[in-house]
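We did not get these values from a lab; they are worked out from the coordinates using the rules stated. Bear in mind the structure is a predicted one, so any value in this text is a computation, not a measurement. Here the Cβ positions follow ideal geometry from the backbone for every residue, glycine too, while neighbour counts run over all protein chains shown.
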């Protein structure tokens, strides 16, 4: 079964052709990060306009690289939410046009389900139930996954997303946008235990997250550091490393706590922050201690991409789902609202 | 709240509060949330970490948004909507690059609807604010304490200032 997956939920215009939810024939991502960098964030209006400009060439390129024609497709899967309304509309209406004209089934996809299921691009077999941590600029959530489509939210951020903390701290440190990579890079030469930034574990059993206090702490520390009121030996790399460590400590702790509660033998990472190599190393150590498996998608499927949408589309299409032409975008779209697949 | 100092500055009609903890900032937000009605707009200014989101959480609860609702940062989504006594719109223009981009998002429409708006980073483009906005400037004093300065010239803003006092 050949599925075209389209995602335009935020920065990137992406399209991908995937066979049977596993074999990626093409994965084209037109990233707008460069375009956004001067502002230190994503610019929605600019994003919609860019999506509009890019959607056709990106889909065309995805089909070309996959060496297939539109008529070869068994389905078109498109993200309908959550995300920026203007951006989502571009992808959805383009998909509607293609599906209508070529009489191909269309499947409406939840972006977060795409992230969770993206792991099946890497691993053929994952034992249910597993625990998934989706962590990006807009989300930090822990899910129990009982089957394809059956997700229970175990915990989420109560304020800022982990990726947002990286972006905002990178901005006040003058490291640019997006903040994940530059912080990880500069942190390599710093000492992660130089500064004890606060870790918000909330209550003992809580699986929720909070990164707002950490962000504030770093902002206050940085101001003092710039005014020469801190230990003169502390470098910017130390601040970055100590900040990163504080985020990763909490992510690792909560993910393991969730795993222990669920009793899962497999844990899964997804979302842009899953590209962080130190996070992966830390979790691999924790997983080894518990004799469980850790999986994460390759970096190109961690950030937003069309392939994960095609994967979700594949399972939903197998389940007999079709979206009709009246389907609309949803800026808020909790993954728990999804219908479990039978 | 008991220990919180609220005083009027000599030079202006501004109200100045010192909050000694995030709990106090939250409680002050909650008190103000209790005074708000449809159409009101709270314009928040202040650096990263000055307590804008914390103060907004208080406003939401004061406005009758259920206590178990999770009020998260709208930085990524730009706007989060909640249901209290009336609709509550929590907005954040932090990652918008210019006034024209703000206008293109359509967020301005929410200022003139049947709800209460709380806008973070409202000082980016002061010209977008309706005259009846209540401005709140938050600043960091030290790790735990914050200064909040309330101001507004419109009769509605002045009415709110009197009630807060």
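Per residue of B:91-102, other chain Cβ atoms within 10 Å of the residue Cβ number 4 on average. Of all the C-alpha pairs in the stretch A:125-296, what % are more than 23 Å from each other? Here the tail beyond 23 Å accounts for 38 percent of pairs. Each DSSP beta bridge with both residues in chain A is either parallel or antiparallel, and the antiparallel ones are about 60%. For peptide B:39-48, the mean count of partner chain Cβ atoms within 10 Å of a residue's Cβ comes to 2.
The ranking of A:3, A:267 from fewest to most other beta carbons within 10 Å of each one's beta carbon is A:267, A:3.
Dividing the summed -39500 (n - 2.57) terms of all DSSP H runs of n ≥ 4 by the residue count of chain A sets its mean residue ellipticity at 222 nm at -13000 deg cm²/dmol.
Taking the Cα atoms of the stretch A:147-225, the ratio Rg/Rh between the radius of gyration and the Kirkwood radius comes to 1.05.
Of all DSSP-defined beta bridges confined to the stretch A:125-296, some 60% are antiparallel rather than parallel. Listed peptides A:101-111, A:280-290, A:21-31 appear in the order A:101-111, A:21-31, A:280-290 once ranked by packing, highest mean of other Cβ atoms within 10 Å at the front. For a paramagnetic label modelled on residue A:233 (point 7 Å from Cα along Cα→Cβ), amide N atoms under 16 Å away belong, within the stretch A:180-224, to A:190-196.
Short to long, the 10 Å bins of the Cα pair-distance histogram for the stretch A:265-330 hold 18, 35, 28, 15, 5 percent of all pairs.
Taken residue by residue and averaged, Cβ atoms of other chains lying within 10 Å of the Cβ of B:75-81 number 6. Placing one equal scatterer on every Cα of the stretch A:2-161 and applying the Debye formula, the log10 ratio I(q)/I(0) at q = 0.09, 0.20 Å⁻¹ is -0.31, -1.34.
The packing ranking, built from the mean of other Cβ atoms within 10 Å per residue, places the peptides A:231-244, A:206-219, A:83-96, A:159-172 in the order A:159-172, A:83-96, A:206-219, A:231-244, highest first. At the listed q of 0.15, 0.19, 0.20 Å⁻¹, the Debye profile of chain B, built from one uniform point per Cα, gives log10 I(q)/I(0) equal to -0.76, -1.28, -1.42. Note that the stretch B:117-165 shows a convex hull volume over its alpha carbon atoms of 94 Å³ per residue. The equivalent ellipsoid that matches the C-alpha gyration tensor of chain A spans semi-axes of 35, 23, 16 angstrom, in descending order.
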